[in-house]
Amino acid sequence: MKDNKIKIKLGIIGYLPFELNRKKIKRFKSDIFEIIGEIDDYHFSSDSDTIFWGYSDEKLNAELPNNCDADFFIGITYVPIESNYYARRLRNNRIILSFNEMYQILTEGHIPLENLVFRVLYAYSLVYLRQKNTIPPQKEYIGFTHDDTRGCLFDMNGNKPDVLFSLDRPKICDDCTNRIRQEKVADNKILKIKSEIIKIRKKRFYKISDFIKEKPLLSIFISFIIGVIISLTANIIFETSVKDIIKKESKTIQTEPDSLLDAKPQTDSIK
């Protein structure tokens, strides 16, 4: 599978008013796709053309680079895009991913921003495989999402905050698995993607914090038990090790002669 990985090129379109960890994205390893080249920066050459200062598909088709020497291109931006989506398919195997509103949703949900990029990478890699190695533009209906939220790669997320459910150990639901198989994607690739996407997860600190919020009484009980175990362990260590060392040191001190009291008095040779 390593010889036929999907080659994906990423680029930043316009200014991002926040820090996106490009090194983390570049270091991400997958047996399905590889990110080629650097994550380059591009600037808008024209103004928005839809309500709320958004950019239409037509405008973005003209703004995104065409020649990227990859199977498909994903442009990452902060501007609003058509119909207030967070991702849309453009012509010539290109996708636009917008962090508009998504940045606030992810930070408030304590989800790393890069998780959204990883989810989009896997989702559109599967679209590419399902659609015979192409990314159809948005105007071509391909029906690869479902409206209800399941924590699946293919949740529609019409209510944007629902995206949080598929950014911490996302899955491919049974219905989507069956449809992907019907579209002739190999089972080994489906299984590989399922095993890889569980690596997309929330940071451990925030998972612990969420657990404490959801089950405060159980958290207090666990903390108490851990405290007792630590106390008992420390007491056992003291009794078996530290106390013996102290006793040995005490005996050594008692057997050593005092240099002044135990020294024999010198006799005067001249009486």
Sequence ranges 59-71, 133-145, ranked by mean other-Cβ count within 10 angstrom, highest first: 59-71, 133-145
Taking the stretch 71-126 and dividing mean pair separation by its residue count, relative contact order in percent (alpha carbons under 8 Å, at least six apart): 29
The stretch 54-122 - percent of accessible surface contributed by carbon and sulfur, probe 1.4 Å: 40
Largest to smallest accessible area among 199, 29, 24 [probe 1.4 Å]: 29, 199, 24
Pairwise FRET efficiency - residue 201 versus residue 240, Cβ, R0 = 45 Å, nearest 0.05: 0.65
For the stretch 1-109: accessible area per residue (Å², 1.4 Å): 52
Segments 113-120, 160-167 sorted - mean Cβ within 10 Å per residue, highest first: 113-120, 160-167
Which of 94, 179 is most accessible, then next, and so on - probe 1.4 Å: 179, 94
Dipole of the stretch 1-68, positive direction: furthest Cα of 51, 28, 16, with charges on the beta-carbon: 28
Neighbourhood charge, 15 Å Cβ-Cβ cut-off, centred on residue 62 and excluding it, Lys, Arg +1 and Asp, Glu -1: -2
Computed accessible area, residue 45, all protein chains, 1.4 angstrom probe, square angstrom: 100
Potential lengthening between residue 84 and residue 52 on full extension [0.36 nm per residue; Cα-Cα distance subtracted]: 10.6 nm
Whole-angstrom gap from the stretch 167-181 to the stretch 6-62, using each part's C-alpha centre: 25
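The values are calculated or read from the model by the stated rules, or taken from the named source; none is laboratory data. Just so you know, these numbers come straight off a predicted model, no measurement behind them. Virtual Cβ from ideal backbone geometry, glycine too; neighbours counted across all protein chains shown. When the accessible area is computed, the model is the full protein with side chains, heavy atoms only, and any ligands, DNA or RNA have been set aside. Shrake-Rupley method; radii C 1.70, N 1.55, O 1.52, S 1.80 Å.
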